[in-house]
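Beneath this line is the structure, given in structure tokens, with notes to follow.
The values are calculated or read from the model by the stated rules, or taken from the named source; none is laboratory data. Owing to the predicted nature of the structure, the values given are computational and were not obtained by experimental measurement. No Cβ is skipped: glycine too gets one built from the backbone with ideal geometry, and neighbour counts run over all protein chains shown.
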Amino acid sequence: MTRKEKTFPYQLYLVISKNDCKNKNMLHVAEQAILGGVDLIQIREKKLSYELFLEEAARLLEITTKYGVPLIINDNINIAIQLDTAGVHVGNNDIAPTQIRKIWNEPSKLIGYSIEYMDQLKSDDCIVSDYLGISPVFLTPTKKDTVTEWGLSGITKIRKNTDLPLIAIGNIHKENIRSVIKAGADCIAVVSAICSAIEPQKAAFELKNEILK
Ligand code: TZP
Ligand code: MG
């Protein structure tokens, strides 16, 4: 299966961790988010041991499977393989997408790759990926160790230079989501706009509505 044969019908992408859900139950937040319109979920745990990450991802997978929402694992290819999730998402400092394709020889699996520089667009790692993360669009307190603040003009520039589905992430919320779509993003990824919301389902619903406007 080549990338061109794969569809990318996702528009609202939740990136979730226990920590980002604070005093709320992560699995409940995920379920509410799906009911509100999230159509792709990534679990991103930076501080857990392999076993705990695996356990948490397995629980989340039960929920995403129930609703037919694909689950993506951040960074950890072994957990993705062990749980047979829909895919894996990596950045510049992680295992490279070209390597992942060799290790996980299942062409249907989704590989997401966050890019930090324009010249990465021509790399083999981008070519073998299924979507690119534009990371971050705006600076965000949720992830401080970022390199390039792409801004809206950055999305538009990337859009002109690749046909890959573009996922925008970084400080995107109800008030600015429309402008990010207009700039050329195919899909919007959020952490706090849903995880920190008092009503995650309502928050997801409102974000999705803005995307579909
Ligand atoms: N990668 C780039 S920015 C970011 C990640 C995981 C965090 C986005 O969080 P928020 O709360 O939606 O700004
Ligand atoms: Mg990473």
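Some notes on this structure:
- Residue in the range 162-210 that is farthest from ligand 1 (Cβ to nearest atom), counting only those that are over 21 Å from L110 (Cα atoms) and of a type in the set (S, T, Y): S179
For every residue, the table says whether it meets (1) over 15 Å from the mean Cα position of the chain (by Cα); (2) within 16 Å of ligand 2 (Cβ to nearest atom); (3) surrounded by 19 or more Cβ atoms within 10 Å (Cβ to Cβ).
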site	(1), (2), (3)
K102	yes, no, no
S108	yes, no, no
S114	no, yes, yes
Q120	yes, yes, no
S123	yes, no, no
I127	yes, no, no
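- Of all residues in the range 27-48, those being out of contact with any Leu (no Cβ under 6 Å at 6 or more places or on another chain) and more than 19 Å from A80 (Cα to Cα) number 7.
- Residue match in the range 155-175 (condition: modelled with pLDDT of 95 or more, in contact with a helix residue (DSSP H, G or I) (Cβ under 9 Å, 6 or more places away or on another chain) and on the phi > 0 side of the Ramachandran plot): yes
- If the condition is being in a loop (DSSP other than H, G, I, E, B), of a type in the set (G, A, S) and more than 16 Å from ligand 1 (Cβ to nearest atom), then the range 63-117 contributes G68, A86, A96, S108.
- Residue match in the range 135-142 (condition: β-branched (V, I, T), modelled with pLDDT of 95 or more and more than 27 Å from N78 (Cβ to Cβ)): yes
- The set of residues in the range 82-100 that are surrounded by fewer than 20 Cβ atoms within 10 Å (Cβ to Cβ) and touching a Ser or Thr at 6+ places or on another chain (Cβ under 8 Å) comprises G91, N92.
- Some residue of the range 147-160 being crowded, with 16+ Cβ neighbours inside 10 Å and within 24 Å of A80 (Cβ to Cβ): no
One line per residue, one yes/no per condition, for (1) assigned to a helix (DSSP H, G or I); (2) farther than 18 Å from P200 by Cβ:
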site: F8; (1), (2): no, yes
site: K24; (1), (2): no, no
site: I41; (1), (2): no, no
site: R59; (1), (2): yes, no
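- Listed conditions (1) farther than 28 Å from E51 by Cβ; (2) more than 14 Å from ligand 2 (Cβ to nearest atom); (3) in contact with a helix residue (DSSP H, G or I) (Cβ under 9 Å, 6 or more places away or on another chain); (4) not aliphatic (A, V, I, L, M) are all met by Q82, apart from (1).
- Restricting attention to the range 193-213, the residues being surrounded by fewer than 24 Cβ atoms within 10 Å (Cβ to Cβ) and either in contact with a strand residue (DSSP E or B) (Cβ under 8 Å, 6 or more places away or on another chain) or modelled with pLDDT under 95 (or both) number 3.
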